[in-house]
Amino acid sequence: MTLPSCSRWRLRPGSLLYLFYLVGFMSFTCIVAIWYGVNSDRDYIHPLLTQLIPAGHCACQTSTTFQCSTCLSCSEHSLVPQLTSAPKWEFNSERDANNEGLSTPQCKAAFPGLYEDVFRAESFWRSQGALATEDLDRIPLGFGMARAFISRGELYVVAARAKQEDHRRKIVAALSSIHRALVADADRAARRDIEFVLSVEDKVEDVTSSDNPVWVLARSAAEQGVWLMPDFGFWAWDNPLNSIGPFDQVVERVKRADIPWSQKTPQLVWRGKPSFAPKLRRALMDAARDKPWGDVKQVDWFERTNIMSMEDHCRYMFIAHVEGRSYSASLKYRQACNSVIVAHKLQYIQHHHYLLVPDGPNQNYIEVERDFSDLPSKIEPLLDDPSMAQRIANNSVHTFRERYLTKAAEACYWRQLFEGYGHVWNSSVPVWSDVYQRERGLRYESFILMDSQMMFDFHATGDMP
């Protein structure tokens, strides 16, 4: 009578083992499938995998909407006091776009709305009781970061750390932009001395806490303590796979190659690597797939497939913009075109994003949901009414290419950053170190002449962290 019971108990461990193997196999298969979906740059993966891909670096329910249309049309009379009877100065793109030496009143008149994030950060740090050297000393200097100071209008590099050549080039480009803005300023010697830490990493959390007063390329809306600076590409960008050059040179190339609106291809173009932000980028690829207006393809830099120059992008009526693992520096290059920029709701803020206007008479781009579910309903009416699309493209050119992304605007923003930061900087900035009996920083002019290998872990005093 006991044998049936014993038989059942002998079978149970085998059944549990079978179930264990089955669950393990299914889990392994799921992990491999998700890994493939996240890392693959193939044009097509099954829609089920697209749904399984985690948000990863892009928090797809988070975005920042900018409403600054008033900044584009506010009265310059309220910005620049008229102290004389001389005619009111007005920004002229043909004359002033490359003038890095505009005065402070001219900068304010020329670029209303450009300095919003400086004002925000200044207000935040006033509420925190200002900034001091001790605040910077508490910031670990990680890879992709540099510490520098400005004394009597001269730029000194205290320390810089780069893990790779990419870091080094970006740090050099950022410091070069700062130096350019300084030397063009007739009043630079009278400006307040400041000391700061900057990062050229894509994300704040990669290198530091968002509570620290670091100068960064982009931030999320919740990252209140950081200060936005223009990205390194305004100076120049070049890597082994893609030589771009100074931003103003890119603009000149685009203008020379541009074609009349009526000759542009009535399609939406995008080229990129899906694996940089698979959830976002595959949503775009799926939304445009098999659509007559869609020319959306993945790029393989090593195989050199589907690569398209910026000038060729500009031959399309519509250009899609998608964030990467954080912000995407390519937005400014797309805004160099006389085309309609189509962008999802952005999560990361760059210094000029406050001038993005998604609707109204000053509309300068098309904003869609982060899953691109409304892409067809936004694109197709504009294909039916090309004049409406042309108005948006023209607004983009007038706002960005001809004004807010010029060398003049970049220099003005840097100097407003120096000023706003200086308003809450509450420490002296000594050039000489009594401890090391030498200057605390190396002048930029000398730093830039150093052997590149010495820049990877540079400390002006020789003190290693």
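Among rounded, prolate and oblate, which fits region 364-422 when a ≥ b ≥ c are the square roots of the eigenvalues of its C-alpha gyration tensor, a/c under 1.5 means rounded, and a/b larger than b/c means prolate? Kindly include the intermediate steps, with their values, before the conclusion.
Details: a/c = 6.06, a/b = 2.08, b/c = 2.91.
Oblate is the answer for region 364-422, as a/c is 1.5 or above yet b/c matches or exceeds a/b.
Give me the accessible area per residue for region 200-265, probe 1.4 Å, as a whole number in Å². Mind dumping the intermediate values first?
On the way: 2650 Å² over 66 residues.
I get 40 Å² per residue for this part.
Determine, from the Cβ-Cβ distance of residue 449 and residue 90 and an R0 of 56 Å, the FRET efficiency 1/(1 + (r/R0)^6), rounded to the nearest 0.05.
On the way: r = 41 Å, r/R0 = 0.72.
Result of the calculation: an efficiency of 0.85.
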Legend entry - Cα-only Debye scattering, region 329-443: base-10 log of I(q)/I(0) at q = 0.11, 0.13 Å⁻¹: -0.53, -0.64
Inset, instruction - Enter the mean projected area of the convex hull around the alpha-carbon atoms of region 331-399, in nm², rounded to one decimal. - result: 4.6
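Return the tail of the calculated pair distribution for region 239-356, meaning the percent of Cα-Cα pairs more than 20 Å apart.
44
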Legend entry - Beta bridges by DSSP in region 251-372, antiparallel share as percent, to the nearest 5: 5
Inset, instruction - With the convex hull built on the Cα atoms of region 130-274, state its orientation-averaged projected area in nm². - result: 12.1
Inset, instruction - On a C-alpha basis, how far is the centre of region 224-275 from the centre of region 351-381 in Å? Whole number, if you could? - result: 19
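Find the accessible area per residue for region 351-465; the probe is 1.4 Å, ligands and nucleic acids are left out, and the unit is Å². List each step's numbers first, then the result.
On the way: 5000 Å² over 115 residues.
On a per-residue basis, region 351-465 sits at 43 Å².
Test of understanding: what is the full-extension gain from residue 433 to residue 249, defined as 0.36 nm times their sequence separation minus their Cα-Cα distance? Before the final figure, lay out each step's value.
Numbers: separation 184, 0.36 × 184 = 66.24 nm, distance 4.10 nm.
Going from the current span to full extension adds 62.1 nm.
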Inset, instruction - Pop out the ³J(HN,Hα) list for region 116-125 in order, Karplus 6.51 cos²θ - 1.76 cosθ + 1.60 with θ = phi - 60°, rounded to Hz; leave Gly and Pro as x. - result: 4, 6, 5, 4, 4, 5, 4, 5, 4, 6
Inset, instruction - May I ask you to give the percent of accessible area on region 115-268 that is carbon plus sulfur, with a probe radius of 1.4 Å? - result: 47
Legend entry - Above-threshold pairs, the threshold being 31 Å between Cα atoms, out of 108/273; 163/264; 170/264; 291/332; 255/378: 108/273; 163/264; 170/264
Legend entry - J(HN,Hα) series, region 305-311, from Karplus relation 6.51 cos²θ - 1.76 cosθ + 1.60, nearest Hz, glycine and proline x: 10, 6, 7, 9, 5, 5, 4
Inset, instruction - Quote the Stokes-Einstein diffusion coefficient, in whole µm² s⁻¹, for region 83-197, based on the Kirkwood radius over alpha carbon pairs, a temperature of 25 °C and a viscosity of 0.890 mPa s. - result: 146
Inset, instruction - Taking every pair of alpha-carbon atoms in region 259-324, give the share separated by more than 13 Å as a whole percent. - result: 64
Inset, instruction - Pop the C-beta distance of residue 262 and residue 192 into the FRET formula with R0 = 45 Å and round what comes out to the nearest 0.05. - result: 0.30
Legend entry - Rg followed by Dmax, in Å, when region 108-150 is reduced to its Cα trace: 14.1, 39
Inset, instruction - List the residues whose amide H sits under 5 Å from the amide H of residue 228, counting only those 5 or more places along or on another chain, with H placed 1.01 Å from N in the peptide plane. - result: 216
Inset, instruction - Give the shape of region 138-188 as rounded, prolate or oblate, defined through the alpha-carbon gyration tensor: a ≥ b ≥ c are the square roots of its eigenvalues, a/c under 1.5 means rounded, and otherwise the shape is prolate if a/b is larger than b/c and oblate if not. - result: oblate
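The values are calculated or read from the model by the stated rules, or taken from the named source; none is laboratory data. What you see is a predicted model, and the numbers here were worked out from it, not measured in a lab. Here Cβ is always computed from backbone atoms with ideal geometry, including for glycine, and neighbour counts include all displayed protein chains. Calculation scope for accessible area: heavy atoms of the full protein, side chains included, ligands and nucleic acids excluded. Shrake-Rupley method; radii C 1.70, N 1.55, O 1.52, S 1.80 Å.
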